[in-house]
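Any read-out appearing in this document is the output of simple, stated calculations on the displayed coordinates, not a laboratory observation. As the structure is a prediction and not an experimental result, all values here were calculated from the model. Cβ coordinates were reconstructed from backbone atoms using ideal geometry, including for glycine residues, and neighbour counts include every protein chain displayed.
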Amino acid sequence: MKKLIPLFILFIILCGCSFSADTDSESFFAMDTYMTVTVNDKDSKSAVKYAENEILKLDKILSAHNKNSEIYKLNKNGSGKLSAAALELTEKSLEYSKLTENAFNPAMLSVSKLWGFPDKNYRVPAEKEIKTALKTAKPDKISVKNNTVKLNLKGMELDFGAVAKGYTSDKIIRGLKKRGTESALLNLGGNVAALGVKPDGTEWNVAVENPDEKGNYIANLRIKDKAVITSGGYERYFKKNGKVYHHILNPENGYPAESSLKSVTTVGENGAMCDAFSTALFVMGKEKALRFWAESGLDFDVILYTGNGSMIVTEGIADIINSDLDYKIVKRSDYE
Ligand code: AMP
Ligand code: MG
């Protein structure tokens, strides 16, 4: 009996060391927004620290506004040798720009600057200025060769603001997985990505903000291994003479997109693609966005919020959505 007690205690200690996990969460500011990283792991503190450090590193490389970043220097010099992450994001952005026929356009920074969106020094530019700046916003004039990116139009400037957070969440989730983490939730300024499920074994709950009522939600989604990303004019805008001007620009004319939508939420496993598409589908507007969803053959779903409590939900998320609003479910077969 005497021998059994120490053995029993040793068993408890060993089990405790190898199986017990705890949750840790940190909030910090990066990529021009507040972020929260939550991890459930045997050593959650170091996993959260790892995620925070990686995000800060990527921010330093990818920001179009930090004078030391690779993208800032590329914009200034017209060409530059990029690190693996910046290069990969450039290539992905060119792909998303092609897929969306330029509704997602990563070369709009010169136009965005005219409106004062990057530094919040807002103004309504003259049409002539917009037309001139728009001539530099041509992604097909970007070339990539031997790790070097060239902007082959004078004045062209890249801005990955519409895709960098989704790309970052993909990279962090991959990194956490490699370290052995099985359960985490990243909230990168409203761009949410889940790894696995909650510690209690149920799916993560992600609420989608109501653009019409701050602090209220249009829907809740139960997700596992997916990103949920929302774009909308309500996220950043200014008013001049009673008119609202928001930050998502229509690459065809350089003005805030006159969207029939209040917000677009994309849901899928590929965070970078979902981020680029949330912006692109907002630019496209309701009809074009739904057709794109139905015909692209790509694996993602959407919630299109059209305002005043109305929304459209695509079939792939019909089973994981919960909402008090009346909504219509659309199917791919509706578009055949
Ligand atoms: P998001 O919140 O992901 O929709 O990204 C919006 C940000 O992307 C803006 O604040 C701009 O920096 C940039 N942006 C604006 N219009 C576009 C566009 N049509 N395509 C790509 N990026 C854009
Ligand atoms: Mg986006």
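In this rough spin-label picture, where each label sits 7 Å from Cα along the Cβ direction, the L87-K154 distance is 3.0 nm. Under 17 Å from a label point 7 Å along Cα→Cβ of E269: give me every residue in segment 307-323 with its amide N that close. Under cut-off, by backbone N: 316-317. Couplings 3J(HN,Hα) for segment 79-88, derived from phi with the Karplus relation 6.51 cos²θ - 1.76 cosθ + 1.60 (θ = phi - 60°), are 7, x, 7, 10, 6, 4, 5, 5, 5, 4 Hz, where x marks Gly and Pro.
Packing-based ranking of 202-212, 125-135 yields 202-212, 125-135, ordered from highest to lowest mean Cβ neighbour count within 10 Å. Between segment 282-324 and segment 43-68, how many Å separate their Cα centres? About 31 Å separates the Cα centre of segment 282-324 from the one of segment 43-68. Between K331 and E295, full extension at 0.36 nm per residue minus the direct alpha carbon distance yields a gain of 11.9 nm. Extension gain, E315 to S46, is 93.0 nm, computed as 0.36 nm per intervening residue step minus the present C-alpha separation. Fully extending the segment from R179 to S79, taken as 0.36 nm per residue of separation minus the present Cα-Cα distance, adds 32.5 nm. Checking the Cα-Cα distances for K98/K286; K177/K226; K135/K240; K42/K177; K45/K67 against a 23 Å cut-off, the pairs over it are K135/K240; K45/K67. Of all lysines in the structure, those lying under 16 Å Cα to Cα from K131, and not within fewer than 8 positions of it along the same chain, are K113, K154. Sorted ascending by nearby beta carbons within 10 Å, beginning with the fewest, F117, F277, F104, F29 become F29, F117, F104, F277. Could you work out how far the C-alpha centroid of segment 98-143 sits from that of segment 187-214, in angstrom? First find each Cα centre; the distance between them is then 31 Å. Of F282, F28, F238, the sequence from fewest to most neighbouring Cβ atoms within 10 angstrom is F28, F238, F282.
For K138, a cut-off of 15 angstrom between C-alpha atoms picks up these aspartates and glutamates, skipping any fewer than 8 places away in its own chain: E91, E95, E101, E157, D159, E252.
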